[in-house]
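A short reminder: the numbers here are calculations on the coordinates, not readings from a lab. Note that the structure is predicted; figures quoted are calculated from it, not measured. Note: ideal-geometry Cβ built from the backbone for every residue, glycine included; neighbour counts use all protein chains shown.
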């Protein structure tokens, strides 16, 4: 099963805030980002379509203005996002350009995905950006949307956003890189007997029960429940999904080489799956 991952053509890679920032200061970890960009640029050179979903705008904005605490108001959060998104994208564009790759920016909100015309426009834009050989860098538009910030009606720290992007562009593989190794039978931080699960052939009720709504990171917002929701969207849409720890960008290479890294959720395309219906049901839950 994992051996087939090397043949994936269209890949969505998501990195969380904690994966690309320094824990002590919240500043961007340039060494990790440089290696991430190098690996993605190499995949781009191989002819693969790669979309990068990157969190980190709010954490970066906090760092830029020297605020080493979580923001205390919505206006503060959105202001930090506006500052941080500009710095984050500037960093990606600069480093990608060193490898002769053009980085493009796409900012989305949940309303865009719910509206048929807006969703089609977003899909067409993604496909044209990929056709032009660019690497789209995606984030939720936190300066106008409060959903991701509040985790209410949210994409879930961009986990669900990555899966949704994968669904609308018909990706073959979605990779969620975070500060966890993958799926366990219980929270390994609290239960030393928790067992790691390397492969999930199909998501059932028992698997969903393993989801946790909390996050151990000071800068991220998404827990395991958000990642399992993303897995449902990805696998029902026909894409494999891998959750893995982002120690360095080498993990992407390891995954695509078929190594036993992270938890692999097998695609099982559900022809009855309707993305909008799913998002609306989540919104009304």
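Antiparallel DSSP bridges in region 2-284: what percent, to the nearest 5? Working shown, then result.
Working: 6 of 33 bridges.
Percent antiparallel among DSSP bridges in region 2-284 is about 20.
On a full-extension model of 0.36 nm per residue, what is the gain between residue 128 and residue 272, subtracting their alpha-carbon distance, rounded to one decimal in nm?
Taking residue 128 through residue 272 to full extension adds about 49.1 nm, to one decimal.
When the chain is modelled as a GNM with alpha-carbon springs shorter than 10 Å, which of 172, 49, 206 fluctuates the most?
In the Gaussian network model the winner is 206.
Tell me what the chain gives for mean residue ellipticity at 222 nm when only DSSP H runs of n ≥ 4 count, each as -39,500 (n - 2.57), the sum divided by the residue total, rounded to 500 deg cm²/dmol.
One gets -12500 deg cm²/dmol as the mean residue ellipticity at 222 nm.
Give me 190, 227 sorted ascending by neighbouring Cβ count inside 10 Å, so fewest comes first.
Ordered from fewest to most neighbouring Cβ atoms within 10 Å, 190, 227 come out as 190, 227.
Let me make sure I get this right: for region 59-100, a, b and c are the square roots of the gyration tensor eigenvalues over alpha carbons, sorted descending. Under 1.5 in a/c it's rounded, otherwise prolate if a/b > b/c, else oblate. Which is it?
Here region 59-100 falls in the prolate category.
Quick one, can you get me the convex hull of the C-alpha atoms of the chain expressed as volume per residue in Å³?
123 Å³
Under a crude label model (7 Å from the Cα following the beta-carbon direction), how far is residue 281 from residue 187 in nanometres?
Inter-label distance under the simple model: 2.7 nm.
Using a Förster distance of 41 Å, how high is the FRET efficiency between residue 3 and residue 65, based on the Cβ-Cβ distance and rounded to 0.05? If you can, show how the numbers build up before the last one.
Working: r = 47 Å, r/R0 = 1.15.
It comes to 0.30.
So how do 92, 278, 99 line up by other beta-carbon neighbours within 10 Å, fewest first?
Fewest to most other Cβ atoms nearby, the residues stand as 99, 278, 92.
I need to check one value: relative contact order of the chain, counting alpha carbon pairs closer than 8 Å and at least 6 residues apart, in percent.
Working: 564 pairs, mean separation 65.8, N = 285.
It comes to 23 percent, rounded to a whole number.
Taking just the alpha-carbon atoms of region 1-152, what radius of gyration and Dmax come out, in angstrom?
Taking only Cα atoms of region 1-152, I get Rg and Dmax of 16.0, 47 Å.
Ranking 129, 208 by Cβ neighbours within 10 Å, fewest first, what do you get? If you can, show how the numbers build up before the last one.
Numbers: 129 20, 208 13.
The order, fewest Cβ neighbours first, is 208, 129.
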